[in-house]
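The values are calculated or read from the model by the stated rules, or taken from the named source; none is laboratory data. All values reported here derive from a predicted model rather than from experimental measurement. Neighbour counts run over all protein chains shown; Cβ positions are idealised from the backbone, glycine included. These accessible areas exclude ligands, DNA and RNA; they are computed on the full protein's heavy atoms, side chains included. Shrake-Rupley method; radii C 1.70, N 1.55, O 1.52, S 1.80 Å.
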Amino acid sequence: MIKRIGHIITYIRGDYELAQRWYGAQAKHHECFMYLSNLYREHIALKPKSDATTRILIGNSASPTNNHFAIFEKLEPYKQQNIEIYCPLSYGCKKTAKNVAEEGKKRFGEKFIPIFEFMPLDKYLEFLGEMDIAVFAHTRQQGMGNSITLIGLGKKVYMRNDVVQWKLFEDIGVKVFDFENFDICPADQEALVQNKEKVKEYFSEENLKRQYQTIF
């Protein structure tokens, strides 16, 4: 059936290329961000950092594909440092959420903060603004709304270098950090500012409008 589909809409060309490789898709590719949640958010006001704690976001859900335990291994050497680890588990697999929360508490104690409740969008964006580092170990395209928002906020974002979103960011000139080389050192601020400008330019409402006009 996929071979008979005439058009595929995605802003990540790697997804389209996987459909060609895995399913023999012959469709025409249309670039489109699709969702407003994938756009750069101009209105988020960052609060000045008031302490020396490094706040680390890991994953975006309780889906097993977040590979939380692999992230725990990367964070283990830093558990005696002044860190807080925030882990969104408000949707996905309930069993995974339970196992991740238990293991996180076992390894990191009170420094591990699981999040089981959904937040209103404005509160969630404020929460992301308080993070210093985000770590995503997905083995597939996932968590892009979070990644775009965090990079647009000038945050240091880690992901695997073999996922299709890595190539997308590379192609638009955004510096993301390799999960395999994780550390909690602050990133070069100039690079993070450049990231913000690239995301602002590419993931813009004007660009989304042009994409919709082309499609429709």
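Within region 121-215, considering only helices (runs of 4 or more DSSP H) that don't extend past its boundaries, which have at least 3 residues that are touching a residue at least 60 places away in the same chain (Cβ under 8 Å) and under 23 Å from GLY92 (Cα atoms)?
Filter on region 121-215 gives 121-129, 144-152.
Output the number of residues of region 56-82 satisfying the condition of being in a helix (DSSP H, G or I), open to solvent by less than 10 Å² (accessible area, probe 1.4 Å) and free of Cβ contacts under 8 Å to residues at least 60 places away in the same chain.
Looking only at that region, the number is 1.
Can you confirm whether region 2-9 contains a residue that is at pLDDT 90 or above, more than 17 Å from the chain's Cα centre (by Cα), β-branched (Val, Ile, Thr) and surrounded by 14 or more Cβ atoms within 10 Å (Cβ to Cβ)?
Yes, region 2-9 contains at least one residue that is at pLDDT 90 or above, more than 17 Å from the chain's Cα centre (by Cα), β-branched (Val, Ile, Thr) and surrounded by 14 or more Cβ atoms within 10 Å (Cβ to Cβ).
Quick one: would you say TYR16 is in a loop (DSSP other than H, G, I, E, B), in contact with a Ser or Thr (Cβ under 7 Å, 6 or more places away or on another chain) and in contact (Cβ under 8 Å) with a residue 12 or more places away in the chain?
So TYR16 does not fit the description; no.
Give me a count of the residues in region 152-199 that are open to solvent by 20 Å² or more (accessible area, probe 1.4 Å), within 21 Å of ARG13 (Cβ to Cβ) and of a type outside the set (A, V, I, L, M, F, W, C).
Within region 152-199, residues that are open to solvent by 20 Å² or more (accessible area, probe 1.4 Å), within 21 Å of ARG13 (Cβ to Cβ) and of a type outside the set (A, V, I, L, M, F, W, C) number 10.
Going by the conditions given, is ILE85 surrounded by 17 or more Cβ atoms within 10 Å (Cβ to Cβ) and either among the small types (Gly, Ala, Ser) or not in a loop (DSSP other than H, G, I, E, B) (or both)?
Answer is yes for this residue.
Within region 34-53, can one find any residue that is surrounded by 16 or more Cβ atoms within 10 Å (Cβ to Cβ), in contact with a Lys or Arg (Cβ under 8 Å, 6 or more places away or on another chain) and without any contact (Cβ under 8 Å) to a residue 60 or more places away in the chain?
No - not one qualifying residue is present in region 34-53.
Return the residue satisfying two criteria in turn: it lies in region 149-164 and is in contact with a helix residue (DSSP H, G or I) (Cβ under 7 Å, 6 or more places away or on another chain) and of a type in the set (A, V, I, L, M, F, W, C), and of such residues it is nearest to ALA134 (Cα to Cα).
If we take residues in region 149-164 being in contact with a helix residue (DSSP H, G or I) (Cβ under 7 Å, 6 or more places away or on another chain) and of a type in the set (A, V, I, L, M, F, W, C), then VAL157 is nearest to ALA134 (Cα to Cα).
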